1. Going by what's in this entry, would LEU16 be described as modelled with pLDDT of 95 or more and within 12 Å of the chain's Cα centre (by Cα)?
2. I'm trying to understand the selection: among the residues of segment 54-69, which are in a loop (DSSP other than H, G, I, E, B) and open to solvent by 60 Å² or more (accessible area, probe 1.4 Å)?
3. Name the residues in segment 98-110 that are surrounded by 13 or more Cβ atoms within 10 Å (Cβ to Cβ) and either of a type in the set (Asp, Glu) or farther than 19 Å from TYR48 by Cα (or both), would you?
4. For segment 14-53: of the residues being aliphatic (A, V, I, L, M) and assigned to a helix (DSSP H, G or I), which is surrounded by the fewest Cβ atoms within 10 Å (Cβ to Cβ)?
5. Could you tell me which numbered condition VAL14 fails, if it satisfies all but one of (1) more than 18 Å from LEU106 (Cα to Cα); (2) in contact with a strand residue (DSSP E or B) (Cβ under 6 Å, 6 or more places away or on another chain)?
6. Have a look at ARG84, ARG72, ARG76 and point out the one that is touching a residue at least 60 places away in the same chain (Cβ under 8 Å) and open to solvent by 70 Å² or more (accessible area, probe 1.4 Å).
7. Just checking, how many residues over segment 25-39 are more than 24 Å from TYR78 (Cα to Cα) and touching a residue at least 40 places away in the same chain (Cβ under 8 Å)?
Amino acid sequence: MRFLRLRFPEVSRVLLVESGSRHLSEGVIPHLRRLFGAQTPIDLVTCYAGLPSGLPEDAAGVFQVHNYRGWRGRRRLYRELLARGPSVLVMICSGEPIMTKWKWSLALRLPVKLLVVNENGDFFWVDRSNWHAIRHFVLFRAG
């Protein structure tokens, strides 16, 4: 699992998985721009129509999950995302059952550094150095 490594990659492209309500993504995008730079491209995997505010149409690849049904569709999505070369995957974990299987399968299949963002805008990098935060997060979500 590459995302558990401590090494931080050069951030060339960000993949945002919109696995929460649209307003959460809209709140996260300005923080991503500040963290990674305004010129860093942000691609979006979503189940919603259109783009969240703050993500210009010309600066993003948009991947609608309903266009990638079945195992062949998922494999095609993985190939297309790999070809774009994201180095960071930003996963919204809001406690809402939105795109749960998609976000975890992308995190496990893509060679990316994983950034988890909760519904309050708090975030942490998923690597060995943050195992306390990861443990707390998992226990809290599990009830």
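The values are calculated or read from the model by the stated rules, or taken from the named source; none is laboratory data. Computed from a prediction, not measured in an experiment: that's the story for all the values here. As a convention, Cβ positions derive from the backbone with ideal geometry for all residues, glycine included, and neighbour counts pool all protein chains shown. The protein model used for the area step is the full one, side chains on, heavy atoms only, and it has no ligands, DNA or RNA in it. Shrake-Rupley method; radii C 1.70, N 1.55, O 1.52, S 1.80 Å.
1. Answer is yes for this residue.
2. ARG69
3. Within segment 98-110, ALA107, ARG109, LEU110 qualify.
4. The extreme case among them is LEU35.
5. Looking at each condition in turn, VAL14 falls short on (1).
6. On inspection, the qualifying residue turns out to be ARG84.
7. Result for segment 25-39: 2.
Okay, residues lined up against (1) out of contact with any Asp or Glu (no Cβ under 6 Å at 6 or more places or on another chain); (2) aromatic (Phe, Trp, Tyr); (3) under 26 Å from GLU10 (Cα atoms):
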position	(1), (2), (3)
ALA49	yes, no, no
PRO52	no, no, yes
TRP71	yes, yes, no
LEU77	yes, no, yes
LEU82	yes, no, yes
GLY85	yes, no, yes
VAL90	yes, no, yes
SER94	no, no, no
